[in-house]
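Okay, so here's the structure we're looking at.
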Amino acid sequence: MKPRRSTRTILFGVTIDYQLRYHDGLYQDLADNGWQVHLVSNGGPIGTALNDHPGIHMHTVSMRRDPSPLADLASLRLWVKTLRAVRPSIVVVGTPKAGLLGGLSALLVGVQARVYELHGLRLESASGPGRVLLRSIEQLSCAVASAVVAVGASLRQRAIAERLTRLNKIRVLGAGSPSGVNIQRFTRARRDEDGKAELRKQLGIPADEPIVTFVGRINPDKGIATLTEAMAKVQALSGAHLLVVGPTDGTAGYSSVELMKVLLPRVITVGDVGNVAPYIAVSDVLCLPSRREGLPTVVLEAFAARVPVVATRATGIVDLIDHRRTGLLVNIDAVDELASAILTLLKDKALADALASRAFTRVETQYADDVVRQRWVHYLTGLLREE
């Protein structure tokens, strides 16, 4: 006998545990309002913690991020088994591997509402056969979905330009973002003078020396090499420190960290942290030199903390930053431009404050976490009505 399906049963799937953060808050809101919420990832501490919330159920499906036919087939079987047991009304999958395997499995078991959430395009920074393969995976993930949601407008435009899906199949919910930002948490951290002084002391940074902060995965797509070269120029002309917050991603990431330590006299790496708010709040400038993004939450977090931002004209970033209005934009991989923009904000406090003030207004009106979650709840409730 088949298990009975609740009409408000939803399953969210991502590849790695870290990516469950994308919708943290939404899972709990849905569960607290009577939904049965199921999560799939390859397992880890975030999923384990979420499983403790009433109405949320965690399932582990091992998935490799890179193509691996035998491993992918085994993962597909586990996906099908999980979906047959859960029998959700809606499946929302994001990230390339979970998007493909989860979306295909949902199609095979007959789930009508299959949403592929596009968080970014790895193919943007790829070339040769690797790019062809990534593009094919994205096209297939979009094809097996009944709807595609991009987390930002420029990402949607890029997906259409790459012919990954049809114009009428892909949309952005409101102004975008999977989760928004808890504005009050970052505002409190910015105002906590004692906390900032204590963190500076722990980091070994004197009160009168500026901090340029990078938050994110340490890998080539984040423009780490460009950041290192630019900060070498900045540090030659100022007493600025580089603060790097985030996990090291693969061999290239470890090499990037080692190169930073060799080339920069003042660099501090703290790894992955549970709460980035104090590290952003203590910063004088947040720098995001990415080659590609979806819609970067870290920029929203800097906006909420009133920290001025320097970033690249990359997909996703351009949705948030208007040059010389809500931040400074430079071209991708442009070392001299990046160094100059960072120095500008370190030296021109009036400009930095004006940018941060306008950026705060943008995040407050369009990207507060409760506003973004309500967009998602409205969208998902609409999918139920369409069944």
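The values are calculated or read from the model by the stated rules, or taken from the named source; none is laboratory data. As the structure is a computational prediction, the values presented were derived from the model and not from experiment. Cβ placement follows ideal geometry from the backbone for every residue including glycine, while neighbour counts extend to all protein chains displayed. The accessibility values were calculated without ligands, DNA or RNA, using every heavy atom of the protein model including side chains. Shrake-Rupley method; radii C 1.70, N 1.55, O 1.52, S 1.80 Å.
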Residues of the stretch 186-209 being small (Gly, Ala, Ser) and buried (at least 18 other Cβ atoms within 10 Å of the Cβ), in sequence order, are ALA189
Counting only strands (runs of 3 or more DSSP E) entirely within the stretch 235-317, those with at least 2 residues that are under 19 Å from the mean Cα position of the chain (by Cα) and at pLDDT 95 or above are 241-245, 285-288, 309-312
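Residues checked against (1) surrounded by fewer than 18 Cβ atoms within 10 Å (Cβ to Cβ); (2) touching a strand residue (DSSP E or B) at 6+ places or on another chain (Cβ under 7 Å):
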residue: ILE211; (1), (2): no, yes
residue: ARG217; (1), (2): yes, no
residue: GLY223; (1), (2): no, yes
residue: LEU227; (1), (2): no, yes
residue: GLN235; (1), (2): no, no
residue: GLY246; (1), (2): no, yes
residue: VAL270; (1), (2): yes, yes
residue: GLY274; (1), (2): yes, no
residue: ALA281; (1), (2): no, no
Quick count over the stretch 23-73, residues being small (Gly, Ala, Ser) and either open to solvent by 60 Å² or more (accessible area, probe 1.4 Å) or under 27 Å from HIS378 (Cβ atoms) (or both), is 8
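Please determine whether any residue of the stretch 167-181 is assigned to a helix (DSSP H, G or I) and either crowded, with 18+ Cβ neighbours inside 10 Å or not hydrophobic (A, V, I, L, M, F, W, C) (or both). Show your work before the answer.
Let us first name the residues in the stretch 167-181 that are assigned to a helix (DSSP H, G or I), namely none.
There is no residue in the stretch 167-181 that is assigned to a helix (DSSP H, G or I) and either crowded, with 18+ Cβ neighbours inside 10 Å or not hydrophobic (A, V, I, L, M, F, W, C) (or both).
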Going through (1) within 20 Å of ILE183 (Cβ to Cβ); (2) open to solvent by 10 Å² or more (accessible area, probe 1.4 Å); (3) out of contact with any strand residue (DSSP E or B) (no Cβ under 8 Å at 6 or more places or on another chain); (4) not acidic (Asp, Glu) one by one, ARG292 fails only at (1)
Of those in the stretch 107-139 that are in a helix (DSSP H, G or I) and touching a residue at least 40 places away in the same chain (Cβ under 8 Å), the residue farthest from the chain's Cα centre (by Cα) is LEU133
Practice task
Assess whether ARG156 counts as being charged (D, E, K, R) and modelled with pLDDT of 95 or more.
Solution key: yes
Output yes when any residue across the stretch 5-24 is on the phi > 0 side of the Ramachandran plot and not in a helix (DSSP H, G or I), and no when none is.
no
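Rundown of residues vs (1) surrounded by fewer than 19 Cβ atoms within 10 Å (Cβ to Cβ); (2) touching a residue at least 12 places away in the same chain (Cβ under 8 Å); (3) within 26 Å of ARG188 (Cβ to Cβ), yes/no style:
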| position | (1), (2), (3) |
| --- | --- |
| LEU329 | no, yes, no |
| THR344 | yes, yes, no |
| ASP348 | yes, no, no |
| GLU364 | yes, yes, yes |
| ARG373 | no, yes, yes |
| TRP376 | no, yes, yes |
